[in-house]
Amino acid sequence: MTGTIVNTCTILAGSLIGSVFKKGIREDQQNALYTAMGLAATGLGINAVVQNMPKSSYPVLFIVSLALGSLIGTWINIDGRFQKLTEKLSVGQLSRGLSTGILLFCIGTLSILGPIQSALYGDHTYLFTNATLDFVTSMVLASTYGIGMMLTAPVLFCWQGAIYGAALVLGNFMTTDMMTELSIVGGFLIASSGLSILNIRDCRTMNMLPALVIPVLFCRLAGMF
């Protein structure tokens with residue numbers, strides 16, 4: 001749970017700093033921070049793909065996963081529903097910040113894959129990277145919505161803690177091949193998030209989240225034969 005605890009603490013710290021220096025973070029400084037975080041996310045995603053691609057037993061599975069996952073996500077319209085949910089929950093100023101923060105912190109590739117990597121391999125890289133991203137995001141949100149943004153921290157802790165616990169319980173279910181294929185697809189999604197943060201292209205990464213399910217189902221079925 002080390003990575004999750006660090007991630008939770010960075011949101012608390014970012015919210016505190018952002019509320020103290022409210023209005024002190026200029027727009028150009030916010031853009032500079034987001035650019036740095038976008039580059040970091042893109043680099044991490046590419047690294048995950050490069051590291052795991054040679055280990056893949058199913059070289060084209062990631063293509064099928066991304067294609068099918070994107071089609072399913074677009075059909076369900078995950079990104080659109082996310083936007084509508086944010087607008088629906090945004091009643092007051094703090095409510096708007098909390099709903100936006102919770103969704104941004106919890107619904108993302110790093111926040112989903114991170115606890116799994118942490119539980120199965122003791123690797124906190126994704127969670128530490130997510131912690132850095134969340135630190136910057138919470139600081140910017142708190143500079144607008146105030147110290148109440150700290151309330152998003154316990155929500156994140158429960159979310160990642162639940163995924164971490166599930167990964168421990170289902171440890172035998174997650175095979176080496178499954179994690180390799182999942183890491184490749186996850187790497188592409190992380191890189192696409194980075195491109196979106198950099199405003200290079202809005203990849204609508206949320207619509208691609210179902211792609212993470214395809215390798216799990218495929219490897220499970222392949223292991224039965």
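The values are calculated or read from the model by the stated rules, or taken from the named source; none is laboratory data. For clarity, every value in this text was computed on a predicted model and none was experimentally measured. Using ideal geometry, Cβ is built from the backbone for each residue, glycine included, and neighbour counts are taken over all protein chains shown. Accessible surface is based on the protein model in full, side chains and every heavy atom, while ligands, DNA and RNA are left aside. Shrake-Rupley method; radii C 1.70, N 1.55, O 1.52, S 1.80 Å.
Roll a 1.4 angstrom probe over the protein heavy atoms and tell me the percent of accessible area of the chain that is carbon or sulfur.
Its accessible area is 68 percent carbon and sulfur atoms.
Check each of the chymotrypsin sites (Phe, Trp or Tyr not before Pro) in region 113-149 and keep only those in coil by DSSP with at most 10 other C-beta atoms within 10 angstrom; list them in order.
Sites meeting the loop and neighbour criteria: none at all.
Among (i) 1.02; (ii) 0.95; (iii) 0.98, only one was calculated for this model; which label is it, if the read-out is Rg/Rh (Cα atoms, Kirkwood Rh)?
(iii)
With loop defined by DSSP as not H, G, I, E or B, and exposure as at most 11 other Cβ atoms within 10 Å, which is the longest segment of the chain clear of exposed trypsin sites (Lys or Arg not before Pro)?
Longest gap between qualifying sites, sites excluded: 27-200.
Starting from the Cα gyration tensor of region 146-225, take the square roots of the eigenvalues, sort them a ≥ b ≥ c, and report rounded, prolate or oblate (rounded when a/c is under 1.5, otherwise prolate if a/b is larger than b/c, else oblate).
Verdict is oblate for region 146-225.
Report the extension gain between Ser56 and Leu170 in nm, rounded to one decimal, defined as 0.36 nm multiplied by the number of residues separating them, less their alpha carbon distance.
38.9 nm
Tell me, what is the per residue accessible area of the chain in Å², probe radius 1.4 Å?
50 Å²
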